[in-house]
Amino acid sequence: MAGRRLAPAALLILFVAAAVTPFSSAVRRVSDAHRSAAAELFASSADGSFGDLESTYEAVRTFQILGVKDKSLTGKVCKFAAEKLASPASSPAKDLFHAVRISGALGCSVDAGVYDGVVARLKAVIKDTNSLLEFYYSVGGLLSIKVQGHNVVLSDAESTFHSIKALSQSDGRWRYDTNSAESSTFAAGIALEALAGVVSLADAEVDPSMIGVVKNDIVKLFDTIKSYDDGTFYFDEKHVDADEYKGPITTSASVVRGVSSFASVVSGKLNIPGEKILGLAKFFLGIGLPGSSKDCFNQIEALSFLENNRVFVPLILSLPSKVLSLTSKDQLKVEVTTVFGSAAPPLKVNLVQVLGSDSKVITSEKKELQYDRENNVHYLDIAPLKIDVGKYSLVFEISLQEVEQETAYATGGTNTESVFITGLIKVDKAEIGISDNDAGTVESVEKLDLLKDSKVSLSANHLQKLRLSFQLTTPLGKTFKPHQVFLKLKHESKVEHLFVDFLGLVEKFYYLSGRYDLELSVGDAVMENSFLRALGHLDLDLPEAPEKAPRPPAQAVDPFSKFGPKAEISHIFRAPEKRPPKELSLAFTGLTLLPFIGFLIGLMRLGVNFKNFPSLPGPAAFASLFHAGIGAVLLLYVLFWVKLDLFTTLKYLGFLGIFLVFVGHRTLSYLSSASAKQKTA
């Protein structure tokens, strides 16, 4: 509809365009799965959660970073932002901040005069406020306008820098304003981002001593960072009100944005350990695919800052596949890239240790992985390692080949990844038999081939034991103990059990004697030939059930069984009533024909002539059809008597009646006209 503004929700639903792909929560670089998840998260919020400029910008910025584009909708989103920029005097700094950033992200065309009004409004806010958020929105908006090519200078940058710095605390955190009693880690992030903007907008160099103080505050802030045992680092709030709590993702993203922005505008290097920057990258990648659009934006934008920053660029070690098969002779492959998958500088990857599932050292022989330049992967044959099937922890060491790169990239030294080594398990020496409970002597033993189903037939009572044995061997000849082994006994009444010792278990068998089908299940995550085999059947003789013995549970009813074939219904109809003799029935049938015979006799006595039958072709045709219709009605009466039911007869009679009215009217009209002409003559 012309002149009507589209809601941000509608714009963003149209703006989202990405394919859906499977995803994993493993620490892997940003991939198409993130693009798909972002599209789903923002599109699924079409119930009004995109009703403000902030959410609109977060969607636009997320898709910009991920490379999701739709030029046909850029104009609509730009128009939505322009409506807010058109009236800067009545708009809060927050809305102007997001509208300007939307225009910058999409490359919207904005008149210089419009931006002049926005600049004047934001500078006025900076002059009159003592709120950290107002400083953040105003400085950020001015910086975005400058980045878009407009001349923007903050003449009182030194004063603004001091005003923001005055809100800092001794532990590196910031307050939101002078009236705030508590400080915040999230606030520290936006404060550092605002200070970076002030430095960029300043018409002269900001006091270097103040820059040094802020650098020291950043070091203190990183002293409060939290960590997990796997080397993941993150920021979280300490003591803030419930309405100010942002959560680890939002808080960590704020610090990453602030620190990266500040490091990009000041000289020298920040004194932050590389493993903490790498740990933050692992934190955001370890999230996998967030469950909300806000977390998705914070994750993707924080990773984009980590992808290219002046502190340390984290390098992520990942395994394309964490399941390696001894049977297929799979190679161990390792990728080392930035968080967005860019190639790493020249480096070496060594496998320094292999640990078992119990943390026992399997091997500590150092093995250098070969580098495949074409596919950008490091690889190693696992056969020479002499490791068997199972779960292992592989410890890798990354070393940069150029020393000067060590100040630019964070590798973390050693990285640990878990893998599963799978293989074919040899199954042999399988036997099944019945033994006495006390003596243990075996009455009957039968060999089994567990590579296929068997059909053994056994019988036992409640005083005996069922004995089943087999041996599993790994590819390296070691005894293998699978994670799951089940022997299922299924009674002919469909009641199932997983027991093998009959003595004392008769109650759990519900005293059900009879035939039991035997099935053996053996499985493990590293066993490539897990199996389910039918072994045969067992005739079990159990004692009579006592009066208060438990009853078998009711068997589940198949919900589709009601659609199956029903049982045949057997029914005997009652004997037919006695009918009159055949001769009597024929006599009465003849009587019903007497009126018709009388009609024919009458015609013969009176005589039939065709003097008034029309001679012209048209009227003659209608007259013939009229008489044929009467004949059809008479024939329909006969059919009703011998074959048709009442409703079918009435249906046909209705059609014939309409036909007779039409042709009869034409015939009678002609006869009437002909009679009138004769009288006139």
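Close contacts from region 264-278, counting a first residue that is within 15 Å of N308 (Cβ to Cβ) and a second that is polar (S, T, N, Q) and open to solvent by less than 50 Å² (accessible area, probe 1.4 Å), with Cβ to Cβ under 6 Å and a gap of 6+ residues or different chains, come to V265/S200. Within region 301-333, the residues that satisfy the criterion of being under 26 Å from A38 (Cα atoms) and in contact (Cβ under 8 Å) with a residue 60 or more places away in the chain are E301, L303, S304, V313, P314, L315, I316, L317, S318, L319, K322.
Would region 305-314 turn up any residue that is crowded, with 23+ Cβ neighbours inside 10 Å, over 24 Å from H378 (Cα atoms), touching a Pro at 6+ places or on another chain (Cβ under 8 Å) and at pLDDT 95 or above? No, region 305-314 contains no residue that is crowded, with 23+ Cβ neighbours inside 10 Å, over 24 Å from H378 (Cα atoms), touching a Pro at 6+ places or on another chain (Cβ under 8 Å) and at pLDDT 95 or above.
Scanning region 88-126 for residues that are open to solvent by 50 Å² or more (accessible area, probe 1.4 Å) and over 12 Å from S138 (Cα atoms) yields a count of 8. Scanning region 158-178 for residues that are closer than 23 Å to S252 by Cα and outside any helix (DSSP H, G or I) yields A166, L167, S168, Q169, S170, D171, G172, R173, W174, R175, Y176, D177. Anything in region 407-433 that is in contact with a Leu (Cβ under 6 Å, 6 or more places away or on another chain) and over 23 Å from L319 (Cα atoms)? List them, or say none. I425, V427, A430, I432 - these are the residues of region 407-433 that are in contact with a Leu (Cβ under 6 Å, 6 or more places away or on another chain) and over 23 Å from L319 (Cα atoms).
Looking at region 450-469, which of its residues are within 22 Å of L532 (Cβ to Cβ), open to solvent by less than 60 Å² (accessible area, probe 1.4 Å) and hydrophobic (A, V, I, L, M, F, W, C)?
L450, V456, L458, L466, L468, listed by residue number.
Here V213 clears all of (1) more than 19 Å from E134 (Cβ to Cβ); (2) open to solvent by less than 30 Å² (accessible area, probe 1.4 Å); (3) among the aliphatic types (A, V, I, L, M) except the condition numbered (2).
Go over the candidates A620, A545 one by one and state the one that is surrounded by 13 or more Cβ atoms within 10 Å (Cβ to Cβ), out of contact with any Leu (no Cβ under 9 Å at 6 or more places or on another chain) and of a type outside the set (D, E).
Details: A545 fails: out of contact with any Leu (no Cβ under 9 Å at 6 or more places or on another chain).
Going through A620, A545 in turn, the sole match is A620.
Applying the selection to region 198-228, what residues are in contact with a helix residue (DSSP H, G or I) (Cβ under 9 Å, 6 or more places away or on another chain) and basic (K, R)? Listed by number, the residues that qualify are K215, K226. Of the residues that make up region 442-462, is at least one in the same structural domain as F531 (by the TED database), under 43 Å from the mean Cα position of the chain (by Cα) and among the hydroxyl-bearing types (S, T, Y)? Checked region 442-462: at least one residue is in the same structural domain as F531 (by the TED database), under 43 Å from the mean Cα position of the chain (by Cα) and among the hydroxyl-bearing types (S, T, Y). Looking only at region 592-616, how many residues end up being at pLDDT 85 or above and open to solvent by 100 Å² or more (accessible area, probe 1.4 Å)? So the count comes out to 0. Among the residues of region 284-300, those identified as open to solvent by 10 Å² or more (accessible area, probe 1.4 Å) and assigned to a helix (DSSP H, G or I) are G286, S293, K294, D295, F297. A count restricted to region 124-157 and to residues that are assigned to a helix (DSSP H, G or I), under 14 Å from A194 (Cβ atoms) and not hydrophobic (A, V, I, L, M, F, W, C) stands at 7.
Only a single item in (1) open to solvent by 60 Å² or more (accessible area, probe 1.4 Å); (2) at pLDDT 90 or above; (3) of a type in the set (S, T, Y) is not met by Y637, and it is number (2). A count restricted to region 336-354 and to residues that are part of a strand (DSSP E or B) and over 14 Å from T414 (Cα atoms) stands at 2.
Scanning region 370-404 for residues that are free of Cβ contacts under 8 Å to residues at least 40 places away in the same chain, of a type in the set (F, W, Y) and open to solvent by less than 40 Å² (accessible area, probe 1.4 Å) gives a single hit, Y392.
Is it the case that region 193-210 has a residue that's aliphatic (A, V, I, L, M) and in contact with a His (Cβ under 9 Å, 6 or more places away or on another chain)? Yes, region 193-210 has at least one match.
Inspect all residues belonging to region 185-202 and state whether any of them is open to solvent by 10 Å² or more (accessible area, probe 1.4 Å), within 41 Å of the chain's Cα centre (by Cα) and charged (D, E, K, R). Yes, that holds for at least one residue.
Okay, residues lined up against (1) among the hydroxyl-bearing types (S, T, Y); (2) touching a Leu at 6+ places or on another chain (Cβ under 6 Å); (3) part of a loop (DSSP other than H, G, I, E, B); (4) on the phi > 0 side of the Ramachandran plot:
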site	(1), (2), (3), (4)
A253	no, no, no, no
S267	yes, no, yes, no
N271	no, no, yes, no
L303	no, no, no, no
L317	no, no, no, no
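The values are calculated or read from the model by the stated rules, or taken from the named source; none is laboratory data. Remember, predicted model here, so these are calculated numbers, not experimental data. Here the Cβ is made from the backbone with ideal geometry for all residues, glycine too, and neighbour counts use every protein chain on show. Quick note on the areas: whole protein, heavy atoms, side chains included, nothing else; ligands and nucleic acids left out. Shrake-Rupley method; radii C 1.70, N 1.55, O 1.52, S 1.80 Å.
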